[in-house]
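The values are calculated or read from the model by the stated rules, or taken from the named source; none is laboratory data. Keep in mind it's a predicted model, so treat the numbers as computed, not measured. For neighbour counting, all protein chains shown are included, and Cβ atoms are generated from backbone atoms with ideal geometry for every residue, glycine included. Quick note on the areas: whole protein, heavy atoms, side chains included, nothing else; ligands and nucleic acids left out. Shrake-Rupley method; radii C 1.70, N 1.55, O 1.52, S 1.80 Å.
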Amino acid sequence: MAETVLVLNAGSSSIKFELFEIGPQDRLASLFAGQIEGIGVRPRLLARTRAGAVLAERTLPREEANDVEGAMAVVERFLDETLDAPPIAAGHRVVHGGPVFSAPVAIDEEVLATLETFVPLAPLHQPYNLALVRALRRSRPDLFQVACFDTAFHRGHPALADCFALPDWLWEEGVRRYGFHGLSYEYVAARLRELDPELAEKKVIVAHLGSGCSMCALRGGKSVESTMGFTALDGLPMGTRPGQLDPGVVLYLAAAKGMDPEAIQHFLYHDCGLKGLSGISNDLRVLLSSADPKAAFALEFFVYKIAQMTGWLAAALEGLDGFVFTAGIGENSPTIREAVAHRLRWLGMELDPHANAAHGPLVSTPASRVRVYVVPTDEELVIARHTLALLRRGGDRR
Ligand code: ADP
């Protein structure tokens, strides 16, 4: 068997993993992907090949995967059973690179210490990302590990895009607009260069519409603005997060409702967005198939905000040549794509119904002034590529 690279993505109660085989000229091909979910509660291991064949599906005793470290030990045992040789490197999705990291980095103690200082910037994700790095450093001290950041792709923004109208000391402390989903945008920008090199050099908006939703303005394939800001709460409404919100609402929750910061945080991350607005579900498929007027309103609101944010990003770009849909909703829902395009018809956006139903990649008509694509994203492949590239460069530490 060829050598492999492991990609890891830790959440509060799950570890997602994907294994890539290194082919000739270092081309990477996915062998299988899996996850342990329900860590500490009712852990389950599931692994499938990209074609969907099940490699493992088992419920684990709770004490076996009580925390990230235990769960990682389960993943390692599964890899030992499945592979002839262990992976030669591991790439981690790490949500926050702070103001420091504008590119993936090989992990050592110094890097880890710096990444720990960004925990307050992403308290719901960063601790789990770093716990997994530490667990793997303990079990495989010699394994080459790389951190790839959701923020890095946006680090080239002009200061105008990154700052709030707040006193300077908050900027110095790192209170800035970072933007997220950068690994997804990096993949889409590279794929667009293959699909439509001429368009990729122009002004393009990418809409990453999944459980989390954001949009990114690209000029010549580089991010110049993002709808997500200081945290992954800002911008578009999402499955369970509200998106753009007057900070006065947060003050109201604290002062009039007596909610403490932890309760407000939980509320904003888990009870708002499509779920809160509809009162039905955070899952777009459920809302699309519901006859409840509240589901229809939540969908209309979602589409309205995507269209509004398009205007906002087009103003940053001073024009618009292309629009790309990606992630769970963007890749799979012709209904949402058509509704968004209909609201943006004033921009000269027009979809071809057949191409849209077939998921493109090109879904706009020849007459459409804005060229519209559907590009399935692949954040794990981006991480695997960066990890291997850093390994080949001799493991530069920075
Ligand atoms: P994650 O951020 O968890 O990776 P995904 O990118 O998988 O999320 O997106 C999840 C969202 O995609 C959910 O709202 C889900 O309803 C939606 N989705 C997935 N498949 C479809 C589909 N066929 N039609 C409409 N929405 C879909």
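Taking first residues from the range 244-261 that are in the same structural domain as Gln308 (by TED's automatic domain parsing) and partners that are surrounded by 10 or more Cβ atoms within 10 Å (Cβ to Cβ) and of a type in the set (Asp, Glu), the Cβ contacts under 7 Å between residues at least 6 apart in sequence or on separate chains come to Gln244/Asp234. Determine whether Leu274 is touching a residue at least 24 places away in the same chain (Cβ under 8 Å), of a type outside the set (Phe, Trp, Tyr) and farther than 27 Å from Val372 by Cα. So Leu274 does not fit the description; no. Restricting attention to the range 234-254, the residues that are within 16 Å of Ile264 (Cβ to Cβ) and of a type in the set (Gly, Ala, Ser) add up to 3.
Counting only strands (runs of 3 or more DSSP E) that fall entirely inside the range 4-103 and contain at least 1 residues that are touching a Ser or Thr at 6+ places or on another chain (Cβ under 6 Å) and crowded, with 19+ Cβ neighbours inside 10 Å, the qualifying elements are 4-10, 15-22, 28-37, 89-94.
Residues in the range 245-277 that are hydrophobic (A, V, I, L, M, F, W, C), within 16 Å of the ligand (Cβ to nearest atom) and out of contact with any helix residue (DSSP H, G or I) (no Cβ under 7 Å at 6 or more places or on another chain): Cys272 alone. Quick check: anything in the range 353-363 among the β-branched types (Val, Ile, Thr), over 20 Å from Met309 (Cβ atoms) and at pLDDT 95 or above? No.
Any idea which residue in the range 168-214 is most open to solvent (accessible area, probe 1.4 Å), counting only those that are among the aromatic types (Phe, Trp, Tyr) and within 16 Å of the ligand (Cβ to nearest atom)? Of everything passing the filter in the range 168-214, Tyr187 is most open to solvent (accessible area, probe 1.4 Å). Could you please find all residues in the range 363-387 being assigned to a loop (DSSP other than H, G, I, E, B) and small (Gly, Ala, Ser)? The answer is Ala367, Ser368.
Yes/no per residue for (1) at negative phi; (2) within 16 Å of the ligand (Cβ to nearest atom); (3) among the polar types (S, T, N, Q):
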site	(1), (2), (3)
Ala314	yes, no, no
Leu317	yes, no, no
Asp321	yes, no, no
Glu338	yes, yes, no
His342	yes, no, no
Glu350	yes, no, no
Asn356	yes, yes, yes
Pro361	yes, no, no
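Take the residues of the range 278-287 that are touching a helix residue (DSSP H, G or I) at 6+ places or on another chain (Cβ under 6 Å) and of a type outside the set (Gly, Ala, Ser): which is nearest to the ligand (Cβ to nearest atom)? Restricting to residues being touching a helix residue (DSSP H, G or I) at 6+ places or on another chain (Cβ under 6 Å) and of a type outside the set (Gly, Ala, Ser), the top hit is Leu284.
Matching residues to (1) within 20 Å of Leu268 (Cβ to Cβ); (2) basic (Lys, Arg); (3) open to solvent by 70 Å² or more (accessible area, probe 1.4 Å):
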{"position": "Tyr128", "(1), (2), (3)": "yes, no, yes"}
{"position": "Asp142", "(1), (2), (3)": "no, no, yes"}
{"position": "Gln145", "(1), (2), (3)": "no, no, no"}
{"position": "His154", "(1), (2), (3)": "no, no, no"}
